[in-house]
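All remarks here apply to the structure that follows.
The values are calculated or read from the model by the stated rules, or taken from the named source; none is laboratory data. All values derive from a computational prediction rather than experimental measurement. Note: ideal-geometry Cβ built from the backbone for every residue, glycine included; neighbour counts use all protein chains shown.
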Amino acid sequence: MIKRDDGLKILARHIPDDIVVAVYSTAFDWVQIRPHALNYFAVGAMGLASSHGLGLALGRPDRRVIVLDGDGSLLMNLGSLATIANAAPRNFFHFVCENGTYEANGDHPIPGRGRLSFSGIAREAGYAATHEFADIGVFEQQIGSALGETGPVLIDLKLVPGTESPRDYRGLYAAERRATFRSALMQL
């Protein structure tokens, strides 16, 4: 298993100016690891990261869109996989941070924990490519290649919590952060 913050640090080295949609625990880690004007935080919108990312990918086909989704969050909007595959945005990269729990809601186990294959579901829905990573060395070696593929691509990261990041909901929801994102998106 990969520690979430370690995996995100590796990912951050490969996406200097991409649009990133992040939710819940991953959002808190991401804002610490890669503070950037093009970070879009969908905290409080459980299940909607993939839909928000799809809208951004279709609206900005000239920019790569990275979605950092949770496994519990994706389960709440599993139908989005078929919608994404049907729209087939070439610039869409969907990371599922799979830890088997609704971490933001007290670590309750997700339905189908240990039996679901998010990459299998995405592949059957019609994603162009899927990957699974449970080893940090393999992830570090292969992530550059995966990010070079034509989307939509789903990348399932088998994670455990890493170093705890501050849980600053007020900061993630700040009007200034939303205004900064909007401004940065318009300047692209």
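General remarks:
- Scanning segment 4-30 for residues that are under 20 Å from L147 (Cα atoms), of a type in the set (D, E, K, R) and touching a residue at least 12 places away in the same chain (Cβ under 8 Å) returns R4, D5, D6, K9, D17, D18.
- Those residues of segment 12-29 which are crowded, with 24+ Cβ neighbours inside 10 Å and either at pLDDT 95 or above or in a loop (DSSP other than H, G, I, E, B) (or both), in sequence order: I19, V20, V21, V23
- If you go through segment 30-46 and keep only what is surrounded by 24 or more Cβ atoms within 10 Å (Cβ to Cβ) and either aliphatic (A, V, I, L, M) or outside any strand (DSSP E or B) (or both), you end up with just W30.
- Scan segment 134-188 for residues that are more than 29 Å from R60 (Cβ to Cβ) and either in contact (Cβ under 8 Å) with a residue 60 or more places away in the chain or in contact with a Lys or Arg (Cβ under 9 Å, 6 or more places away or on another chain) (or both) and the total you get is 10.
- Filtered residues of segment 139-170 (kept if closer than 18 Å to Y40 by Cβ, at pLDDT below 95 and either small (G, A, S) or under 15 Å from the mean Cα position of the chain (by Cα) (or both)): S165
- Residue in segment 171-180 that is surrounded by fewer than 14 Cβ atoms within 10 Å (Cβ to Cβ), modelled with pLDDT under 90, part of a helix (DSSP H, G or I) and of a type in the set (S, T, Y) present: yes
- Residues in segment 116-138 include none that are of a type in the set (S, T, Y), part of a helix (DSSP H, G or I) and at pLDDT below 95.
- Pairs meeting the criteria (first residue in segment 60-85 and among the basic types (K, R) and modelled with pLDDT of 95 or more, second residue crowded, with 17+ Cβ neighbours inside 10 Å and in a helix (DSSP H, G or I), beta carbons under 9 Å, at least 6 apart or on different chains) are R63/L56; R63/A57; R64/A57; R64/L147.
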